[in-house]
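Worksheet: one structure, shown below.
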Amino acid sequence: MAQTTPGGAPLLEVRNLKVEFPTRRGTLVAVDDVSFAIAPGEVLGVVGESGAGKSLTGAAIIGLLEPPGRIAAGQVLLEGARIDNLPPEAMRKIRGRKIGAIFQDPLTSLNPLYSVGRQLIETMQTHLDISAGAAKQRAIELLQSTGIQAAQQRIEHYPHQFSGGMRQRVVIALALAAEPKLIIADEPTTALDVSIQAQIIALLKKLCREHRTAVMLVTHDMGVIAETADRVAVMYAGRIVEIGPVADVIHRPEHPYTVGLMGSIPSLVTETERLAQIDGAMPRLNAIPAGCAFNPRCTRVFERCRSERPNLIPVNTTQAACWLHAR
Amino acid sequence: MLAFIIRRVMQSAAVMLTVAFVAFGLFNFVGDPVASMLGQDATPDDRARLRADLGLDDPFYKQFASFVGNAVKGEFGLSLRQGRKVSTLLKERMPATLELSFTAAILALVLGIPMGVYTALRRNSWFSQVLLTISLVGVSLPTFLIGIYLILIFAVLLGWLPSFGRGDVTALGWWTTGYLTQSGLKAIILPSITLSLFVMTLVMRLVRSEMLEVLRTDYIKFARARGLTDRSVHFGHALMNTLVPVITIVGLQLGGIIAFAIITETVFQWPGMGLLFIQAVQFADIPVMAAYLCLIALIFVIINLIVDLLYYAVDPRLRIDRATTGH
C-alpha cells in the first residue's frame, strides 16, 4: 500500500519489503511488510529504537545488506523501475550515482590512507564522464559548499587531519559527489558532539534543498526529525506503526507507541518532574509476540491486539497500525 | 623525518655493536688460538711472544675496539680452514645466497599476496579451501623435507631439473649471476621454491586475515555505498590497508630467508654463505662464523630500517608532523 505524495510520482517506492536473516535456529524477520514512498526533494524521517529495522531498510534499498541478510519479499522501485532484483554491477552503478549514503560514524567512514580529494575525485570519475582536472575543481567547490575553510589546501589532507564534525562534512560531500537523487542518511549525527549535530543537520538540509535531493533520514532522535523532515515513519519491531506529515505525528500521534515516544522528549517549555517512559523493551527478533508487536508494552491493549496483527490504516492526516482506530 | 632516520640509525648501530660483542666472544670462549697455531712443542716463551705479536695480551676493550674497527672495514681475518681472507670468501659466496633469497622472496610475494586476496574475497569457494589446506602443509612441513621431496620428484623421477649446485654462472665484475644462463635458471627453481614456500603461505594467510578484517570496516562499506567498482574497493582501498602489517612481517621474513637459507643451501648443495657457515661450524672456523653472524645482523638491521621507511610511504598518519593535525 504505497502512498502517493504531493508533487507527482514518487522518486523511491518501497512495497511490502521483507528482510530476513536465515539462522540455524530458524529465520529471523528483521523488516516485515514495510511500504513507503519518497517524493523528489522530500525528507522522510525514519525513527525507532535500536533494532527496529530502520538501518536494515536503508541497507536493503541500496543493496548492501550484509549476508546472510536478504530481501525475502517485496519490491524497491526507483523512478518507477525495480532495483531490488538488479544484477550486482547494475546496482553498483546506482549506488553513489542515484542513491547516496551517509553512515553513522564519520571517524571510520573515510579510508585513512587516501586523501579526501582522492576519495572525492574517484567517486566522481566512477560515475561521471569528467576529466581529472575538472573533478578536482568540483571537489574543491563541493568541500567549500559543505563549509570547509581553505578547501584548496584541505583537499590534499588525509582524514586524520579533520575533526569529527569536519569529517562528516567530507562524508556529506562524498555522498553528494555524483549528484544522486536520494540520500540515505543513517544516523548521520549520532556519533557527533551535540554542539555540532545541529550544524551538520542544517548543512544536510541546505545542500539537499539546493541540489533537490531527497533524503531518507534514519535516526532515533525525534528532535532531528522535527527540525528536518517533511514526513516521518515510526518503526517498531520491523514494521512501520505510523507514518504521516511530521507536524501531525508529533502533535497528534495516533499510535500508542508514537505517543510514548513523544512523551519521552524533554521539553523546554513545560517543566516536568520525570520524563514519560515506555515500560519494557522492544521484543527480540526471535520472540515477536502474536498480534500487534507492541501489545505487551501498550497501555491501551485489548483483546484483538493479542491475536490479530494490525495494518496501516488512515487516521485523520496520518496512517497508523493500531486496532484502536479500526472502529 | 630526518630526526627519525638518525634515531633509527643510532639504534641500529647499538644493535650491531651488541652483535659484534657476541661475535667477538666466540674467539675468547671457543679455544685458544695461540695453542692451535704453535702446536704442542712450543715453549712458554714462544707463546708469550706470539701472544704479544697478535695483540692478545692487550686489555679486553682494546682488543674489542680493534675487532670492531676491522669489522667496519669488512676484515675478519683469515679462515682457519681455508687460509684465505674471510671477506673474500663471503664476497664469493654472497651473490649465490642473495640471488636465491631474492628469487624466493619475489615468489613468496608474487604468489602469496594474490592468493591471500583471493581466499579472502572468495571465502567459501572450493579453490580457497584447497589453497588453505595446502598452505597448512607449507607452514607445517620442515623445509628440508620439502626440498628432498622436490628433488625426488623433479630431479630423480622426472629428471627435469638439476638436484644440486648453481649451474653455469656469468661474472659481472665481482658479482656472479646464475640468471643469465639456462642451467643457472633451471638450478634456481627447486631451491627457491623450497625456500619461499614457508614465507609464501605465511604471506597468504596474513593477507587473507588482514583483508577479511579490513573488508568489515566502515570505510569499505562506505566505498561500496559510493558505487566504486569492486576492483577499486578490493585492490585499492582494501589491499592498501592490509599492507602495513604485511610489510612488517615480510620485512622480518626477508631477513629470515637470507639467514635461514642455510638449510636449503645444504639440501641443494647451493654454493652460498649458508653452506659456507655450516662447513665453518663443522671445523670450528671461528672467523668465518663471526663474520657471518655480523653480516646477517647487518642485513636484518638494514631491512628493518627499510621497513620503517616504507611505513611512512604507505601510511599518511605517520608522515605528517603534528603541527597540522587536530583542527
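The values are calculated or read from the model by the stated rules, or taken from the named source; none is laboratory data. In this text the structure is predicted, and so the values were computed from the model without any measurement. Neighbour counts run over all protein chains shown; Cβ positions are idealised from the backbone, glycine included.
Listed residues A:L207, A:L217, A:L182; which is of a type outside the set (G, A, S), within 14 Å of chain B (Cβ to nearest Cβ) and in contact (Cβ under 8 Å) with a residue 12 or more places away in the chain? If you could, list the steps in order and put the result at the bottom.
Details: A:L207 fails: within 14 Å of chain B (Cβ to nearest Cβ); A:L217 fails: within 14 Å of chain B (Cβ to nearest Cβ).
On inspection, the qualifying residue turns out to be A:L182.
Looking at the stretch A:98-147 only, could you name the residues that are small (G, A, S), buried (at least 19 other Cβ atoms within 10 Å of the Cβ) and touching a His at 6+ places or on another chain (Cβ under 9 Å)?
The answer is A:G117, and nothing else.
I want to confirm something. Restricting to the stretch A:155-176 and keeping residues that are of a type in the set (S, T, N, Q) and at the interface with chain B (Cβ under 8 Å from one of its Cβ atoms), which single residue is surrounded by the most Cβ atoms within 10 Å (Cβ to Cβ)?
Kept after step one, since they are of a type in the set (S, T, N, Q), are these residues of the stretch A:155-176: A:161, A:163, A:168.
Filter once more, keeping what is at the interface with chain B (Cβ under 8 Å from one of its Cβ atoms): A:161, A:163.
Numbers: A:Q161: 19, A:S163: 16.
The selected residue is A:Q161.
On the given criteria, is A:I71 within 14 Å of chain B (Cβ to nearest Cβ) and either in contact with a helix residue (DSSP H, G or I) (Cβ under 6 Å, 6 or more places away or on another chain) or modelled with pLDDT of 90 or more (or both)? Walk me through how you get there before you give the answer.
Working: within 14 Å of chain B (Cβ to nearest Cβ): no; either in contact with a helix residue (DSSP H, G or I) (Cβ under 6 Å, 6 or more places away or on another chain) or modelled with pLDDT of 90 or more (or both): yes.
Considered against the rule, which asks whether it is within 14 Å of chain B (Cβ to nearest Cβ) and either in contact with a helix residue (DSSP H, G or I) (Cβ under 6 Å, 6 or more places away or on another chain) or modelled with pLDDT of 90 or more (or both), A:I71 comes out as no.
When the stretch A:99-145 is examined, which residues are found to be facing chain B (nearest Cβ under 9 Å), closer than 29 Å to A:E13 by Cβ and hydrophobic (A, V, I, L, M, F, W, C)?
A:I99, A:A101, A:I102, A:F103
Quick one: in the stretch A:299-323, which of the residues that are under 28 Å from the mean Cα position of the chain (by Cα) and hydroxyl-bearing (S, T, Y) is surrounded by the most Cβ atoms within 10 Å (Cβ to Cβ)?
A:T318
Can you tell me which residues in the stretch A:197-230 are surrounded by fewer than 20 Cβ atoms within 10 Å (Cβ to Cβ) and modelled with pLDDT of 90 or more?
Selection gives A:D230 alone.
Could you look through the stretch A:83-97, keep only residues that are within 9 Å of chain B (Cβ to nearest Cβ) and of a type outside the set (A, V, I, L, M), and pick out the one that is surrounded by the most Cβ atoms within 10 Å (Cβ to Cβ)?
Residue satisfying both the conditions and the ranking: A:G96.
For residues that are in contact (Cβ under 8 Å) with a residue 24 or more places away in the chain and buried (at least 18 other Cβ atoms within 10 Å of the Cβ), scanning just the stretch B:219-248, find the one that is nearest to the other protein chains (Cβ to nearest Cβ). Break it down into steps so the answer makes sense when it comes.
Filtering the stretch B:219-248 for residues in contact (Cβ under 8 Å) with a residue 24 or more places away in the chain gives B:234-235, B:238-248.
With buried (at least 18 other Cβ atoms within 10 Å of the Cβ) added as a condition, the list becomes B:234, B:238-239, B:241-243, B:246-247.
Numbers: B:H234: 13, B:A238: 9, B:L239: 10, B:N241: 6, B:T242: 11, B:L243: 9, B:V246: 13, B:I247: 13 Å.
Looking at residues that are in contact (Cβ under 8 Å) with a residue 24 or more places away in the chain and buried (at least 18 other Cβ atoms within 10 Å of the Cβ), I get B:N241.
Since A:D193 meets every condition but one in (1) under 25 Å from A:E79 (Cβ atoms); (2) more than 10 Å from chain B (Cβ to nearest Cβ); (3) among the acidic types (D, E), which condition does it not meet?
(1)
Take the residues in the stretch B:88-101 that are crowded, with 17+ Cβ neighbours inside 10 Å and either polar (S, T, N, Q) or without any contact (Cβ under 8 Å) to a residue 60 or more places away in the chain (or both); name whichever of them is nearest to B:T201 (Cα to Cα).
Restricting to residues being crowded, with 17+ Cβ neighbours inside 10 Å and either polar (S, T, N, Q) or without any contact (Cβ under 8 Å) to a residue 60 or more places away in the chain (or both), the top hit is B:S101.
Which of the numbered conditions does B:Q269 fail, given that it passes all the others? Conditions: (1) more than 30 Å from B:L141 (Cβ to Cβ); (2) more than 17 Å from the chain's Cα centre (by Cα).
(1)
Can you tell me which residues in the stretch B:31-88 are among the hydrophobic types (A, V, I, L, M, F, W, C) and assigned to a loop (DSSP other than H, G, I, E, B)? If you could, list the steps in order and put the result at the bottom.
To start, the set of residues in the stretch B:31-88 that are among the hydrophobic types (A, V, I, L, M, F, W, C) comprises B:34-35, B:37-38, B:42, B:48, B:50, B:52, B:54, B:56, B:60, B:64-65, B:67-68, B:71-72, B:76, B:78, B:80, B:86.
Result: B:A42, B:L56, B:F76, B:L80.
Residues in the stretch B:266-276: is at least one without any contact (Cβ under 8 Å) to a residue 40 or more places away in the chain and buried (at least 19 other Cβ atoms within 10 Å of the Cβ)?
Kept after step one, since they are without any contact (Cβ under 8 Å) to a residue 40 or more places away in the chain, are these residues of the stretch B:266-276: none.
Among the residues of the stretch B:266-276, not one is without any contact (Cβ under 8 Å) to a residue 40 or more places away in the chain and buried (at least 19 other Cβ atoms within 10 Å of the Cβ), which makes the answer no.
Restricting to the stretch B:273-313, name every residue that is among the small types (G, A, S) and either modelled with pLDDT of 85 or more or in a helix (DSSP H, G or I) (or both). Break it down into steps so the answer makes sense when it comes.
The initial filter retains those residues of the stretch B:273-313 that are among the small types (G, A, S), namely B:274, B:280, B:284, B:290-291, B:297, B:313.
Selection gives B:G274, B:A280, B:A290, B:A291, B:A297, B:A313.
Mind checking which residues of the stretch A:275-304 are at pLDDT below 85 and assigned to a helix (DSSP H, G or I)?
Once the filter is applied, which keeps residues that are at pLDDT below 85 and assigned to a helix (DSSP H, G or I), the stretch A:275-304 yields A:L285, A:N286, A:A287.
Could you name every one of the helices (runs of 4 or more DSSP H) located completely within the stretch B:113-224 that has at least 1 residues being under 30 Å from B:L89 (Cα atoms) and out of contact with any Pro (no Cβ under 6 Å at 6 or more places or on another chain)?
Of the helices (runs of 4 or more DSSP H) lying wholly inside the stretch B:113-224, those with at least 1 residues that are under 30 Å from B:L89 (Cα atoms) and out of contact with any Pro (no Cβ under 6 Å at 6 or more places or on another chain) span B:143-150, B:182-215.
Which number in (1) free of Cβ contacts under 8 Å to residues at least 12 places away in the same chain; (2) of a type in the set (G, A, S); (3) farther than 25 Å from A:P188 by Cα marks the one condition that A:A276 misses?
Only one criterion is unmet by A:A276, namely (1).
Considering only residues of the stretch A:75-94 that are small (G, A, S) and at pLDDT below 90, which is nearest to A:I225 (Cα to Cα)? Break it down into steps so the answer makes sense when it comes.
Looking only at the stretch A:75-94, we keep the residues that are small (G, A, S), and these are A:80-81, A:90.
Retained after the next criterion (residues that are at pLDDT below 90): A:80-81.
Details: A:G80: 27, A:A81: 29 Å.
Step by step, filter the stretch A:75-94, then rank; the result is A:G80.
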